[in-house]
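*Asks:* Please find one structure pasted underneath; my questions will follow.
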Amino acid sequence: MHTAATKAKDPELPALNGLPYLAFPSNETCALDSDAICYDLWQQYSMPKNIQDHSKLVANVAWQIAQRVLDAGIKINVDLVRQSALLHDLGKAYSLEYGGSHAVLGAAWVVAATGNYALAQGVLYHVYWPWDLPEGPAICSLPIIVLYADKRAKHADCVTLEEREEDLLLRYGSNPSSRKLMAKGFEQIRNIERALSDCLDWGDLDAYSFDSRRLVN
Ligand SMILES: [Fe+2]
């Protein structure tokens, strides 16, 4: 059992506001041996080609942000971030057909298949971060990076937050209550972008196009 006492012994791992520290046991912050395991899971859960292409872009964006985090001297596992992003929409096809939360479903499948809770966090929280945003370098954490990367990917195109918001409003903003919920998410993602930009000294983050030549294969 990882407790607050354990947390104090390992100051290098950022504590996330509201997120139980036991979600970050050090032996589970390892990445998978290969991205091929993610691609096998795509096949196993019948991920359509368009969601695969979208996931590759999200992984590319998340991976590049994680590299900048590492360059800034903040501890992060860049392979784990990329793999979590590759899996973030694992439950999407199923939930489109049968309903339910694709984030919760996908995260459960990732845990069942890999036993890696850190990997599953990017899947579980890629729609909305349910607590106050972490402060300081902890904003540069796996689930926040995957969440942000997903909001920069409109299908398989890298876009600004504004373009992505317009797309989401068109697709899902059919009634006042969904629009109200989405406005909350838009506000959060803009706060995340501002915090990441400040933390990484990345002034043009919103305009940055994340070079497609570095796409994950
Ligand atoms: Fe996505």
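Every number in this text was worked out from the coordinates using simple rules, so none of it is lab data. Note that the coordinates shown come from a computational prediction; the quantities given were computed from them, not determined experimentally. No Cβ is skipped: glycine too gets one built from the backbone with ideal geometry, and neighbour counts run over all protein chains shown.
*Asks:* Would you confirm, using the coordinates I've provided, whether ALA113 is among the hydrophobic types (A, V, I, L, M, F, W, C), under 21 Å from GLN43 (Cβ atoms) and not in a loop (DSSP other than H, G, I, E, B)?
*Replies:* On the way: among the hydrophobic types (A, V, I, L, M, F, W, C): yes; under 21 Å from GLN43 (Cβ atoms): yes; not in a loop (DSSP other than H, G, I, E, B): yes.
Spelling it out, ALA113 is indeed among the hydrophobic types (A, V, I, L, M, F, W, C), under 21 Å from GLN43 (Cβ atoms) and not in a loop (DSSP other than H, G, I, E, B).
*Asks:* Something else: Sort out which residues of the stretch 84-100 are without any contact (Cβ under 8 Å) to a residue 12 or more places away in the chain, within 16 Å of the ligand (Cβ to nearest atom) and hydroxyl-bearing (Ser, Thr, Tyr), and write them in order of number.
*Replies:* Listed by number, the list holds a single entry, SER95.
*Asks:* Among the residues of the stretch 129-138, is there at least one that is away from the ligand (no atom under 12 Å from the Cβ), over 17 Å from the mean Cα position of the chain (by Cα), in contact (Cβ under 8 Å) with a residue 12 or more places away in the chain and surrounded by 19 or more Cβ atoms within 10 Å (Cβ to Cβ)?
*Replies:* Taking every residue of the stretch 129-138 in turn, none turns out to be away from the ligand (no atom under 12 Å from the Cβ), over 17 Å from the mean Cα position of the chain (by Cα), in contact (Cβ under 8 Å) with a residue 12 or more places away in the chain and surrounded by 19 or more Cβ atoms within 10 Å (Cβ to Cβ).
*Asks:* If I go through the stretch 36-56 residue by residue, how many of them are within 15 Å of the ligand (Cβ to nearest atom) and free of Cβ contacts under 8 Å to residues at least 40 places away in the same chain?
*Replies:* Here the count works out to 3.
*Asks:* May I pose another question? Out of all the residues in the stretch 63-83, is one or more in contact with a His (Cβ under 6 Å, 6 or more places away or on another chain) and touching a residue at least 60 places away in the same chain (Cβ under 8 Å)?
*Replies:* No; the residues of the stretch 63-83 include none that is in contact with a His (Cβ under 6 Å, 6 or more places away or on another chain) and touching a residue at least 60 places away in the same chain (Cβ under 8 Å).
*Asks:* Something else: Inside the stretch 96-112, can you point out the residues that are out of contact with any Leu (no Cβ under 6 Å at 6 or more places or on another chain), small (Gly, Ala, Ser) and either more than 20 Å from TYR148 (Cα to Cα) or crowded, with 24+ Cβ neighbours inside 10 Å (or both)?
*Replies:* GLY99, GLY100, ALA108, ALA112
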